[in-house]
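Have a look at the structure below, then the notes.
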Amino acid sequence: MLGPSLPPARRFALAALACCTALLAACGSSSSGSSSSSSSSNGGGGGSAAPAGGPVTASGSTPCGGKSFGPPLAPKDAPGDVHRYSAAPAMQIDSSKLYLATISTAKGDIALCLQPSLAPNTVNNFVVLARNHFFDGLSFHRVVAGFVIQGGDPSGNGSGGPGYSFADEPVKGDYTQGCVAMANAGPNSNGSQFFVCIANDTTLPKQYNLFGAVTGGMDVALKIAQGDVMKSVVVRQQS
């Protein structure tokens with residue numbers, strides 16, 4: 001499955017962006033601050049210290065910041081093969097609640113604030129796959145410096161998915177640094193692959209379902225290299 005293509009102007013600017021890598025990392029570190037360090041140390045999804053698997057309070061400047069989230073959601077209606085579904089999942093989320101996803105890597109944790117108000121079907125899709133351990137052990141198979149990190153493909157080469165596709169939703173925002181959106185292979189071909197913007201990508205056409213943003217661990221996201229593994233992805237519902 002294809003992800004967003006680097007616009008021509010951005011391709012031209014990559015040489016300059018490469019020179020600014022240290023600056024980008026510094027900006028990510030200062031913006032995420034204590035949220036990234038706490039998430040890396042306790043696995044709490046960018047929240048304050050809590051027992052493993054317990055409730056957390058999210059940090060960061062996203063809508064999740066300062067809000068409480070319950071324990072990780074247990075699997076529900078999981079298929080026998082967690083990487084193969086016969087159809088898109090039924091609605092499981094409460095669209096009035098926010099969701100906090102924690103991606104654990106060897107370099108630390110990345111906490112995502114998932115917002116149903118942006119794209120309810122897309123948030124539901126991610127929540128269902130995450131709670132059923134679809135993403136555990138998968139890699140970031142595509143990393144473009146100064147642009148995006150992309151993962152969620154069980155084949156590991158960009159061609160795989162969960163066995164179904166679902167429709168596009170209106171994009172209610174811009175692709176700025178930290179935004180989380182779905183990769184696709186064309187209209188209405190969303191599946192399991194997603195990307196995180198690691199720079200402002202506001203020139204991208206609004207063709208990729210935007211459904212959340214990094215709320216902790218942006219400094220970790222900036223360190224991700226191609227092949228880095230998502231050891232686990234857990235998701236919590238707002239209390």
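So, in segment 186-204, how many residues would count as being out of contact with any Pro (no Cβ under 8 Å at 6 or more places or on another chain) and modelled with pLDDT of 95 or more?
Residues that pass the stated criteria total 12.
Being part of a loop (DSSP other than H, G, I, E, B), touching a Leu at 6+ places or on another chain (Cβ under 9 Å) and at pLDDT 95 or above: is that true of Tyr85 here?
In short, yes.
Here's a check for you: in segment 205-217, which residue that is surrounded by fewer than 21 Cβ atoms within 10 Å (Cβ to Cβ) and of a type outside the set (Lys, Arg) is nearest to Val123 (Cα to Cα)?
Of everything passing the filter in segment 205-217, Gln207 is nearest to Val123 (Cα to Cα).
Of all residues in segment 218-237, which are surrounded by fewer than 18 Cβ atoms within 10 Å (Cβ to Cβ) and either polar (S, T, N, Q) or assigned to a helix (DSSP H, G or I) (or both)?
Of everything in segment 218-237, those that are surrounded by fewer than 18 Cβ atoms within 10 Å (Cβ to Cβ) and either polar (S, T, N, Q) or assigned to a helix (DSSP H, G or I) (or both) turn out to be Gln226, Ser232.
Applying the selection to segment 163-201, what residues are touching a residue at least 60 places away in the same chain (Cβ under 8 Å), under 27 Å from Lys223 (Cα atoms) and out of contact with any strand residue (DSSP E or B) (no Cβ under 8 Å at 6 or more places or on another chain)?
Within segment 163-201, Ala185, Ser192, Ala199 meet the criteria.
Which residues, taken from segment 82-110, are more than 22 Å from Phe140 (Cβ to Cβ) and among the acidic types (Asp, Glu)?
Within segment 82-110, just Asp94 meets the criteria.
The values are calculated or read from the model by the stated rules, or taken from the named source; none is laboratory data. A quick note: this is a predicted structure, and the numbers were derived from the prediction, not measured. All Cβ positions, even for glycine, are placed from backbone atoms using ideal geometry, and neighbour counts span all protein chains on display.
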